[in-house]
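Some notes on the structure that comes next.
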Amino acid sequence: MARIFSILVVLMGVFMIILLCLCWAGMDTELSEQLKALPLLMSDDFEDGNAQGWQPNIPEHWEVAEEKGSLVYRLMAPGPPGEVRAPTSWSILKDFDVTSFIFTGRIKCKADATNIHRDVDIFFHYQDPTHFYYIHFSAISNGVHNIIGLVNGRDRVKINHEPPGQSIARMIDLEFHEFKVTCNAETGEIKAYLDDIKTPILTTTDKTLRHGYLGIGSFDDTGSFHDIKLWGKISEQ
Ligand SMILES: [Ca+2]
Ligand SMILES: [Ca+2]
């Protein structure tokens, strides 16, 4: 009798695990489907020679220029520190205040390759200079480099799940790197990819800001940006 009871308990355990796996798989597919259904809002390869639609915080630091036969958007100089500790340079896509989104493109850091603190950043849910999220793609992982950061009226805070020192840092050279950042505003799930577009290197769940603009830039370095595309849901706020 005791043996039958033990077998039943084990079987129920296995059944529960299978059920949980199925639910998890179902949810993940649903998230992907929701994001996949978002409309393409903009696409810019900068071949028209201008950066129409982009709004830099310091316009004289940005230019459209040729690199290896193609026009790219360039951040030429780092900005001065602001009122809180946060990235100093950005250019925002001023026409699209979105909730959920997929943001992709190619980015190159122009700081010396021996500088382990070099970075290129992706901004999202930008609302004003002291309210936004950013992905900090760097050459080293610690509490402030290679993180998802939240600037919410005060110095930035690391909010990604990966512990300091354990996120994969790939912004290590002077080449272009492919990026993707996704956000499901309903669940708060945020993922950032670099080079490997199937496996995120930075992840978190956060619903502090909920909506805002997308952008590109750097904490305190320079860089080039190319082939930017945004799929998203326009915010009703
Ligand atoms: Ca181009
Ligand atoms: Ca830096």
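The values are calculated or read from the model by the stated rules, or taken from the named source; none is laboratory data. Please read all numbers here as calculations on a predicted model, not as lab measurements. As a convention, Cβ positions derive from the backbone with ideal geometry for all residues, glycine included, and neighbour counts pool all protein chains shown.
Every test in (1) buried (at least 24 other Cβ atoms within 10 Å of the Cβ); (2) away from ligand 1 (no atom under 16 Å from the Cβ) is passed by I216 save one, and that test is (2).
Among what's in the range 181-206 and is charged (D, E, K, R) and on the phi < 0 side of the Ramachandran plot, pick the residue that is surrounded by the most Cβ atoms within 10 Å (Cβ to Cβ). Looking at the filtered set, the residue picked out is K191. The set of residues in the range 223-232 being surrounded by fewer than 19 Cβ atoms within 10 Å (Cβ to Cβ) and either on the phi > 0 side of the Ramachandran plot or more than 16 Å from ligand 1 (Cβ to nearest atom) (or both) consists of D227 alone. Residues in the range 163-180 that are surrounded by fewer than 22 Cβ atoms within 10 Å (Cβ to Cβ) and more than 22 Å from R85 (Cα to Cα): Q166, I168, R170, I172, D173, L174, E175, F176, H177, E178, K180. Only one of the numbered conditions (1) under 22 Å from I58 (Cβ atoms); (2) within 16 Å of ligand 1 (Cβ to nearest atom) is not met by F176, and that is (1). Flag set for T99, criterion: at pLDDT 95 or above and more than 21 Å from A51 (Cβ to Cβ). Does E162 satisfy the condition of being more than 16 Å from ligand 1 (Cβ to nearest atom), farther than 24 Å from A111 by Cα and at pLDDT below 95? Answer is no for this residue. The number of residues in the range 221-230 being within 16 Å of ligand 2 (Cβ to nearest atom) and either aliphatic (A, V, I, L, M) or not in a strand (DSSP E or B) (or both) comes to 2. Can you tell me which residue in the range 94-148 is surrounded by the fewest Cβ atoms within 10 Å (Cβ to Cβ), limited to those that are more than 16 Å from ligand 2 (Cβ to nearest atom) and aromatic (F, W, Y)? Filtering first and then ranking leaves F96. For first residues located in the range 113-133 and touching a residue at least 60 places away in the same chain (Cβ under 8 Å), partners that are more than 16 Å from ligand 1 (Cβ to nearest atom) and of a type in the set (V, I, T) and lie 6+ apart or on another chain with Cβ distances below 6 Å form the pairs I122/I135; I122/V181; Y126/I92; F132/V151.
Suppose we filter the range 36-55 for residues that are outside any strand (DSSP E or B) and either surrounded by 12 or more Cβ atoms within 10 Å (Cβ to Cβ) or over 18 Å from the mean Cα position of the chain (by Cα) (or both); how many remain? Reasoning before the result, please.
In the first step, residues of the range 36-55 are kept if they are outside any strand (DSSP E or B); the result is 36-39, 45-53.
Retained after the next criterion (residues that are either surrounded by 12 or more Cβ atoms within 10 Å (Cβ to Cβ) or over 18 Å from the mean Cα position of the chain (by Cα) (or both)): 37-39, 45-53.
Matching residues across the range 36-55 total 12.
Of the residues making up the range 198-220, those that are out of contact with any Pro (no Cβ under 7 Å at 6 or more places or on another chain) and part of a strand (DSSP E or B) are L202, T203, T204, T205, G212, Y213, L214, G215, I216. Does N160 count as buried (at least 16 other Cβ atoms within 10 Å of the Cβ), in contact (Cβ under 8 Å) with a residue 24 or more places away in the chain and either assigned to a loop (DSSP other than H, G, I, E, B) or in contact with a helix residue (DSSP H, G or I) (Cβ under 7 Å, 6 or more places away or on another chain) (or both)? Yes.
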